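Working notes, structure below.
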Amino acid sequence: MKEYRLAIIGCGKVAHLHAAAIGNLPNATLAAVWSRTPESAAKFAATYGAKPCSDIASMIRDNDIDLAIVCNPHPFHRDVTVEAALAGANVLVEKPLASTLEDSDAMIDACRQAGVRLGVVSQRRWYAPVQRIRQAIDAGKIGAPAFGTVNMLGWRDEAYYGADPWRGTWDMEGGGVLVNQAPHQLDILLWFMGEADEVYGLWRNLNHPYIEVEDTAVAIVKFKNGGIGNIIVSNSEKPGIFGKVQVHGSNGASVGVQTDGGAMFVAGMSSVLEPPVNDLWTVPGEEALLAGWVREDSELFERIDPTIYYMERQIEDFLTALDENRDPLVTGETGRRTVELFTAIYRSTRDNAPVKFPLLPEYGHDMDGRLKS
């Protein structure tokens, strides 16, 4: 088994989860870290036995880094990813890939130019109930995926937005619920339903007057496979209820997963309160299996730290992909589709019209409709 040397770029709250996950993998070592603030890098490095570095390219080269994990705020993913890739490291980027399509394309192009692999964190794909749905779709158990829904009703309070200076602003966070909280569920919806073809969307700030960004968004989606979808995502329901993705098939069978339940998880600020479970399963002949799966998944939840365990699975998949000279499960191109989907909702709100795919960068000054004119 090859031993891999990893680096973390950005030493904020979510970086601690990645460091813990790396520490649990037998073929991975956290060798080096970088932060825009040298003091943060030094403190983080001392905690995990890594080397603090002041320059990304030198960090990659001097420490023989195989994989760099990008954990800094979304609008800053582009530059550090490009620098790490051109220095020779494969890169795994925290969700979303970027805030804009322009940045996403620059990151994908840099990794392609450098001959390295690019992945995006979407660890909920490794939830057992999510995997069951993907397997059921692949086996044709629901016919063709015909109708997919995302319902994510959460809550973020003023203390959350005040915890880091980048939260709640267009230039530092890049967006609100669409950019920060919803990408997990949007990625899973696209994984189940396939690529989007057209979107009509709308976003609003309903009850967070102390932030610039949206706290709620809705959309109707046409998929390239002929299916349709509905998206409802919000940070406006106190104290936070659930995140669900459900798929209804052409043969009438339905499958679903509750990825998040209770107060919504906040990296470094809260724990995962409820186990991810299949909340809907009407595949003919398999209806009675649901209760057993819920029990099985709940028992696993009690034995693991869910904030770290699924990070481990995704990093493990990336390292296995390097062993096998293949792409990781969630690639840069996959991550771009999520950016494309939430960008379409912003543009649709601005233009009050459906948005047709594929989307190209606009290179404009309104952040794809995020900014008020």
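Only the coordinates and a few stated rules stand behind these numbers; no lab work does. Note that the coordinates shown come from a computational prediction; the quantities given were computed from them, not determined experimentally. Methodologically, a virtual Cβ is constructed for each residue, glycine included, from the backbone with ideal geometry; neighbour enumeration extends over all protein chains shown.
For this structure, a couple of remarks:
- Near ASP79, once Lys and Arg are set to +1 and Asp and Glu to -1 for all other residues with Cβ below 12 Å from its Cβ, the sum equals 0.
- Cα gyration tensor shape for the range 230-373, rounded if a/c is under 1.5, else prolate or oblate: prolate
- The 3J(HN,Hα) values that the Karplus relation (6.51, -1.76, 1.60; θ = phi - 60°) gives for the range 120-125 are, in residue order, 10, 5, 8, 5, 5, 4 Hz. Gly and Pro appear as x.
- Size descriptors for the chain (Cα atoms only): Rg and Dmax, in that order, 19.9, 59 Å.
- Net charge of neighbours whose Cβ lies under 14 Å from the Cβ of SER254, counting Lys and Arg as +1 and Asp and Glu as -1: 0
- Calculated [θ] (222 nm, deg cm²/dmol) that DSSP helices of n ≥ 4 give over the chain, each run adding -39,500 (n - 2.57): -11500 deg cm²/dmol
- Pairs of Lys in the chain closer than 26 Å at Cα, counting only those 8 or more apart or on different chains: 24
- Net charge, LYS244 excluded, C-beta distance under 9 Å - Lys, Arg +1, Asp, Glu -1: -2
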